[in-house]
Amino acid sequence: MLSRKGSRLTERNVDDLLEKLRGLFSDITAKDIMVTNIISLTKDRTMWQAKELMRICKISGVPIVDNDNHLLGLVSIEDIILALEGNHITDPIEKHMTKDLITFAPDVDLEGLIERFNRYRYGRFPVVDSEGRLLGIISKKDIIGAILDKFRIIYVHDARRKEVLERNVDWFDRSLISGDYVEKKSADFLFHIDYTEVDMAGVGSAKLKSYLKTRTDDDSLVRRVSIACYEAEVNVVIHSGSEGYIYAWYDESVIRVRVEDYGKGIENVEQAMKEGFSTASDHVRELGFGAGMGLPNMRRYSDKMVVVSEARKGVVVEMNFYRNGRK
């Protein structure tokens, strides 16, 4: 499983990961990835102040903006070194900042981001709007980190699958996220999914939504949970050929949802994660299902998601939804 915290991502590791993610997340744009909590300075500050800010904040570059947040330039570690060597460290930033910048528009897709990182080999790029106002900053590791933070996907070919499937651990009894045994009897919400009633698809997620509204007034959180659960429930009905269950646990910090079935399973989760891919029959499509957005929407609306499946052995989907913002 990939993790930002505690991982050791070398430059080569990052490049390899980006190549793998390039096709899987082609719909992601710069605005989805950029870091918006930006530390910046104005051009009248000194290079010494820029150096001290970079040292204190442990950053390797500071964007320079005007009073309307228009990007004017960038001070990098290389600029600081040159200022020290030339005894210009007390000069105004305007004299020594890098002005010839390569920037991203917020709608540049992942393919474009990776292509420019590979072409220019800079550590980070500013993101600006059509009028040149600074919106955010992107580094290679931000791309990896943002994808993990936003989507929290673990594919069936990762280390967790090896642990769960190859060592014959019964993943219907374990949490895919924590690895602990699941106390299903302690679930705050339980719904049995009847796959024979296509017209009833979505009833479970609607009931879960009603239950959550009795526990919290966070409408945005309830909406995210209900949308992701709806997609999981519909997948059981139209794809599994088996009954299934929705379990949910509620506490003050996180809502945990687990949807499982015992049917056909998913032969290729990586392919199923791509938007528009569907194995639904023409009949199911005529009923308004099978658009190929189930797993992508679960990924989009949950804060952390794990899928484990094996052909003819069912599917387990676990999703976490954090109350106070994404973690």
Residues that are within 16 Å of ILE246 (Cβ to Cβ), open to solvent by less than 30 Å² (accessible area, probe 1.4 Å) and modelled with pLDDT of 65 or more: does the stretch 264-283 have at least one?
no
Qualifying residue in the stretch 45-60 (condition: open to solvent by less than 30 Å² (accessible area, probe 1.4 Å) and outside any helix (DSSP H, G or I))
no
Just to verify a result, which residue in the stretch 303-327, among those that are among the acidic types (Asp, Glu) and assigned to a loop (DSSP other than H, G, I, E, B), is modelled with the highest pLDDT?
ASP303
Could you please let me know if GLU111 is in contact (Cβ under 8 Å) with a residue 40 or more places away in the chain, open to solvent by 20 Å² or more (accessible area, probe 1.4 Å) and over 15 Å from MET34 (Cβ atoms)?
yes
Considering only the stretch 178-210, state which residues are open to solvent by 60 Å² or more (accessible area, probe 1.4 Å) and part of a loop (DSSP other than H, G, I, E, B).
SER178, ASP180, GLU183, ASP188, ASP194, TYR195, THR196, GLU197
Being open to solvent by 60 Å² or more (accessible area, probe 1.4 Å) and small (Gly, Ala, Ser) is the filter here; which residues of the stretch 218-231 pass it?
SER220
Any idea which residue in the stretch 64-83 is surrounded by the fewest Cβ atoms within 10 Å (Cβ to Cβ), counting only those that are in contact (Cβ under 8 Å) with a residue 24 or more places away in the chain and more than 19 Å from ILE138 (Cβ to Cβ)?
ASN67
Enumeration of residues in the stretch 26-44 that are part of a loop (DSSP other than H, G, I, E, B) and of a type in the set (S, T, N, Q):
SER26, THR36, ASN37, SER40, THR42
Being open to solvent by 50 Å² or more (accessible area, probe 1.4 Å), at pLDDT 70 or above and touching a strand residue (DSSP E or B) at 6+ places or on another chain (Cβ under 7 Å) narrows it down to one of ARG300, ARG215, so name that one.
ARG215
Does the stretch 47-75 hold any residues that are at pLDDT 95 or above and β-branched (Val, Ile, Thr), and which are they?
ILE64, VAL65
Filtered residues of the stretch 232-263 (kept if surrounded by fewer than 24 Cβ atoms within 10 Å (Cβ to Cβ), of a type in the set (A, V, I, L, M) and within 20 Å of the chain's Cα centre (by Cα)):
VAL254
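The values are calculated or read from the model by the stated rules, or taken from the named source; none is laboratory data. Keep in mind it's a predicted model, so treat the numbers as computed, not measured. As a convention, Cβ positions derive from the backbone with ideal geometry for all residues, glycine included, and neighbour counts pool all protein chains shown. When the accessible area is computed, the model is the full protein with side chains, heavy atoms only, and any ligands, DNA or RNA have been set aside. Shrake-Rupley method; radii C 1.70, N 1.55, O 1.52, S 1.80 Å.
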